[in-house]
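> First the structure, then my questions, so here it is.
The values are calculated or read from the model by the stated rules, or taken from the named source; none is laboratory data. Every value quoted in this text rests on a predicted model; they were computed, and no experiment measured them. Cβ sites come from the backbone with ideal geometry, for glycine too, and all protein chains shown count toward neighbours.
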Amino acid sequence: MTQASKPKVHWVSPVPDAQTDIAHYTRRILPELAEACDLTLWTDARDWDRSLEAICPVRHLDPDRVLPGDFAKAGQGGGADAVFVHIGNSWVFHSGFLRLVRRIPSIIVLHDLAIQELCFDAMYNRRFPRDLYEADITRWHGQSGLSAARRVFDGQMKPIELSKTYPGFELTLDRAVSVLAHTPAAFEATKATGIAPAYHLDLPFRPSDQTVPATRAGTGPLRFVQFGYIGPNRRLEQVLEALSPLRHDIDFRFDIMGNVWDPTYLAGRLDELGLTDRVRIHGFVPEPELDARLAEAHLVFNLRYPTMGEASGSQLRIWNASAAAVVTDLGWYGSLPEGTVFKIPLDLEADALQDLVRRLHADRGTGQTIGAAGRARLETHHTPALYAQGIAYVADRFAEDAAQALRARRARDLLVRGAGTNPLYQDALQRRF
């Protein structure tokens, strides 16, 4: 493929050294993405890992001032410039991008359907205006949505609870050219809005070389791991409560790596549960150290509730290490092929976790089989090369999708402002657009 025939892609994302998995995901796919596209990487961070510039140009943007012409100028050529903007649920990395997608026609890469935490944290930190949020939540969800949101403002409800009914992703769609999702649930939810074309690509991860099959210790303590950005929905406290009664009968060591939501509270719970000598909280660790721990792990806890439409980069890393993971049988995690993870029901979580640990204690080979199947899944469905081909396809359709999204947006505006209560007019508009 010649440079002239490649689609022009502007990739707006957190980048290393930002401590977010979306930055890591961007880094993992960059070589293949640069091969498939005429690529420019954009960030609102003031600094970044300069080694990225050996792969593609890296530019800084001001999300409140950058214009479509700025992307076109950087693209230096004819044809449409496809702008991909990444939306996750962290206000630290995505507040600016949330404001950006409300100004610039772009392809929304939706890493989470449930972004109410992003919205409320952004408002609290004066990165997003409350009046704009309230207007949008009312437009999408009516008075009931606004009333629910105001319960969060009043401290009667948490944003994560609001997300169960009103996930919030709709706030990114007003100028969306198209939406790219990483799970079937997110694809179906965005497609159902009718606002913009929707695409689904499996989340990518670069498999490491694995010339020697991974093996775990056949004797000694069982090794458990949990890692990542661990909030209450990651079920860590429930895992500890399930493990506590087993500590007298089963020898295990549990390494927790990453940022936990309340280290002081967690340390107190470890003491109350009698797990202080079995569990170690490491905090954030370099990737090589994390991968080494996963290579030793007999089981990795990757539970989530609530889960709303997000795929798990952490699950791909677990598979890369040929490690066995236990997941909540919901959402994307519940849709994973049987035999690639251990799935447990939320309503029987504690009993199921204890039963699984006992099974691994009796036969460690069970985890080896699950880990090997997960690694095979990673290699066949989640490679950066496959993902980059999909991105090039979506980028090629940018101009056509922009026209389709504009027609859908006009139809919605007409339905809201012009159709009134006339059912014949409403039906005609809906069928036309």
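> Exactly one of these conditions fails for ARG293: (1) over 23 Å from HIS111 (Cα atoms); (2) outside any helix (DSSP H, G or I); (3) in contact (Cβ under 8 Å) with a residue 24 or more places away in the chain. Give me its number.
(2)
> Going residue by residue through the stretch 119-131, is there one that turns out to be more than 23 Å from THR165 (Cα to Cα) and in contact with a strand residue (DSSP E or B) (Cβ under 9 Å, 6 or more places away or on another chain)?
Here is the first cut: in the stretch 119-131, the residues more than 23 Å from THR165 (Cα to Cα) are 125-127.
Remaining after also requiring in contact with a strand residue (DSSP E or B) (Cβ under 9 Å, 6 or more places away or on another chain): none.
Within the stretch 119-131, none of the residues are more than 23 Å from THR165 (Cα to Cα) and in contact with a strand residue (DSSP E or B) (Cβ under 9 Å, 6 or more places away or on another chain).
> Can you pull out the residues in the stretch 308-350 that are among the charged types (D, E, K, R) and free of Cβ contacts under 8 Å to residues at least 24 places away in the same chain?
Quick first cut of the stretch 308-350, residues among the charged types (D, E, K, R) only: 310, 317, 329, 338, 343, 347, 349.
Across the stretch 308-350, the qualifying residues are ASP329, GLU338, LYS343, ASP347.
> Let me ask something else. Considering only the stretch 112-133, state which residues are of a type in the set (Gly, Ala, Ser) and within 19 Å of THR190 (Cβ to Cβ). Give the derivation first.
Just the residues of the stretch 112-133 that are of a type in the set (Gly, Ala, Ser), to begin with: 114, 122.
Across the stretch 112-133, the qualifying residue is only ALA114.
> Right, something else. Is it true that ILE250 is without any contact (Cβ under 8 Å) to a residue 40 or more places away in the chain, assigned by TED's automatic domain parsing to the domain that holds GLN315 and among the hydrophobic types (A, V, I, L, M, F, W, C)?
Numbers: without any contact (Cβ under 8 Å) to a residue 40 or more places away in the chain: no; assigned by TED's automatic domain parsing to the domain that holds GLN315: yes; among the hydrophobic types (A, V, I, L, M, F, W, C): yes.
Judged against the criteria, ILE250 is not a match.
> Also: Checking the conditions here, which among ARG65, ARG151, ARG127 is part of a loop (DSSP other than H, G, I, E, B) and without any contact (Cβ under 8 Å) to a residue 12 or more places away in the chain?
On the way: ARG151 fails: part of a loop (DSSP other than H, G, I, E, B); ARG127 fails: without any contact (Cβ under 8 Å) to a residue 12 or more places away in the chain.
When all the criteria are applied, what remains is ARG65.
> Restricting the stretch 331-371 to residues that are in contact with a strand residue (DSSP E or B) (Cβ under 9 Å, 6 or more places away or on another chain) and not in a helix (DSSP H, G or I), which is surrounded by the fewest Cβ atoms within 10 Å (Cβ to Cβ)?
Ranking the candidates gives PRO345 first.
> Looking at the stretch 246-288, which of its residues are outside any helix (DSSP H, G or I) and of a type in the set (Val, Ile, Thr)? Let's see the steps before the verdict.
Within the stretch 246-288, the first condition is being outside any helix (DSSP H, G or I), and the residues that meet it are 247-262, 273-286.
Answer for the stretch 246-288, where residues must be outside any helix (DSSP H, G or I) and of a type in the set (Val, Ile, Thr): ILE250, ILE256, VAL260, THR276, VAL279, ILE281, VAL285.
> Could I ask something else about it? Quick test for you: out of VAL327, VAL341, VAL300, pick the one residue that is farther than 15 Å from ARG234 by Cβ and β-branched (Val, Ile, Thr). Working first, answer last.
Values: VAL327 fails: farther than 15 Å from ARG234 by Cβ; VAL300 fails: farther than 15 Å from ARG234 by Cβ.
The match here is VAL341.
> If I go through the stretch 158-173 residue by residue, how many of them are exposed (fewer than 15 other Cβ atoms within 10 Å of the Cβ) and outside any helix (DSSP H, G or I)?
1
> Failed condition for TYR305, given (1) part of a helix (DSSP H, G or I); (2) touching a residue at least 60 places away in the same chain (Cβ under 8 Å); (3) among the hydroxyl-bearing types (Ser, Thr, Tyr), with all others met?
The one condition TYR305 does not meet is (1).
> Return a yes/no flag: does the stretch 69-81 have any residue that is in contact with a helix residue (DSSP H, G or I) (Cβ under 8 Å, 6 or more places away or on another chain), surrounded by fewer than 21 Cβ atoms within 10 Å (Cβ to Cβ) and over 19 Å from ASP401 (Cα atoms).
yes
> List the number of the failed condition for HIS111; all other conditions in (1) in contact with a strand residue (DSSP E or B) (Cβ under 9 Å, 6 or more places away or on another chain); (2) closer than 23 Å to VAL394 by Cα; (3) surrounded by fewer than 17 Cβ atoms within 10 Å (Cβ to Cβ) hold.
Result: HIS111 passes all but (3).
> Tell me the residue from ALA186, ALA198 that is free of Cβ contacts under 8 Å to residues at least 24 places away in the same chain and out of contact with any Asp or Glu (no Cβ under 6 Å at 6 or more places or on another chain), please. First the steps, then the outcome.
On the way: ALA186 fails: free of Cβ contacts under 8 Å to residues at least 24 places away in the same chain.
Only one candidate passes the filter, namely ALA198.
> Please count how many residues of the stretch 1-50 are without any contact (Cβ under 8 Å) to a residue 12 or more places away in the chain and among the aliphatic types (A, V, I, L, M).
0
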